[in-house]
């Protein structure tokens, strides 16, 4: 393991004013989004779409890393350059999603544990050769009646830690993602309670497995009211409670926090991130974004699978990246949404 390499890569991913583009959707997820817009669900169309994203001029001004899917890391841009090489040549660190998805935990109903540890060391070696310099593993925690259970939190924290140790062994920076789902009617107080516990236990397991804190990035969900709660917390409360939770759980040696957008609208995700930087609190880590839908959704709608819309879609990609890049500095304002 090269400690210097891990630290330099992690710092580049969350450099000031930059975040991470999550473009690692599985075939079923990408297919559902294409289907809604009448886009053919083929490998070629996925390649064209992802080419549109990564070749957006100026993207590296606001994006420090891009998470790829197994298919994408093996594909090339339309002009024949492997996606990882194109990204690296343009100042964006290439990354790869390595988990095999969340599956039902035996005997625990709807609760999930993420699988994919078997053979992961060998896959990391291949992904490093293909150009990946960071990775991502997503755990899923559901809030509900008698959920999450201790078994669910422990199982996911342990898997995240074993994954992260294997990633660092391969000189690949791990993004550790213990996502507390927004789905439900729970209060922000309940979300805080679950998020703090999940993060605390995750970091305990990371320590147990010898994971280098300086060579990882945390991808948490925000502390936020459930999406069907009738009295949802305002932007400032979300920002304040989220930062309070992080200060209570995340070691100062971790270089960056890159939030998932987790069911928020594009504008909400930017506003919440921006507000975290206007609380007057000195933060020990970079606090930025690792958004998928909140960076891509509007651009995919604009593109709609049509070649004549590619240039317009790239403008939308750059605009969303710019809004969130500014939010990661506390410099976002809603009127930026209208700027071309």
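Just name the residue that is farthest from residue 290 (Cα to Cα) out of those in the stretch 76-111 that are crowded, with 19+ Cβ neighbours inside 10 Å and over 16 Å from the mean Cα position of the chain (by Cα).
Only one residue tops the list, namely 111.
Say whether the condition of being assigned to a helix (DSSP H, G or I) and touching a helix residue (DSSP H, G or I) at 6+ places or on another chain (Cβ under 6 Å) is met by at least one residue in the stretch 279-287.
no
For the condition buried (at least 24 other Cβ atoms within 10 Å of the Cβ) and modelled with pLDDT under 95, what is the one hit in 321, 298, 294, 327?
Values: 321 fails: modelled with pLDDT under 95; 298 fails: buried (at least 24 other Cβ atoms within 10 Å of the Cβ); 327 fails: modelled with pLDDT under 95.
The conditions single out 294.
Examine the stretch 167-179 for a residue that is crowded, with 16+ Cβ neighbours inside 10 Å and either at pLDDT below 95 or more than 20 Å from residue 67 (Cα to Cα) (or both), and state whether such a residue exists.
No, the stretch 167-179 contains no residue that is crowded, with 16+ Cβ neighbours inside 10 Å and either at pLDDT below 95 or more than 20 Å from residue 67 (Cα to Cα) (or both).
Checking residue 260 against (1) modelled with pLDDT of 95 or more; (2) buried (at least 22 other Cβ atoms within 10 Å of the Cβ); (3) under 25 Å from residue 335 (Cβ atoms), which single condition isn't satisfied?
The one condition residue 260 does not meet is (3).
Restricting to the stretch 110-128, what's the tally of residues that are in contact (Cβ under 8 Å) with a residue 40 or more places away in the chain, part of a helix (DSSP H, G or I) and out of contact with any strand residue (DSSP E or B) (no Cβ under 6 Å at 6 or more places or on another chain)?
The qualifying residues number 5.
Only one of 267, 337 is modelled with pLDDT under 95, part of a helix (DSSP H, G or I), within 20 Å of the chain's Cα centre (by Cα) and surrounded by fewer than 19 Cβ atoms within 10 Å (Cβ to Cβ); which? Working first, answer last.
Details: 337 fails: within 20 Å of the chain's Cα centre (by Cα).
The conditions single out 267.
In the stretch 249-264, how many are in a loop (DSSP other than H, G, I, E, B) and within 15 Å of residue 17 (Cα to Cα)?
Filtering the stretch 249-264 for residues in a loop (DSSP other than H, G, I, E, B) gives 250-255, 260-264.
Now drop any that are not within 15 Å of residue 17 (Cα to Cα), which leaves 255.
So the count comes out to 1.
The values are calculated or read from the model by the stated rules, or taken from the named source; none is laboratory data. Keep in mind that this is a model prediction, so the values were computed, not measured. Glycine gets a Cβ as well: all are built from the backbone with ideal geometry, and neighbour counts include every protein chain shown.
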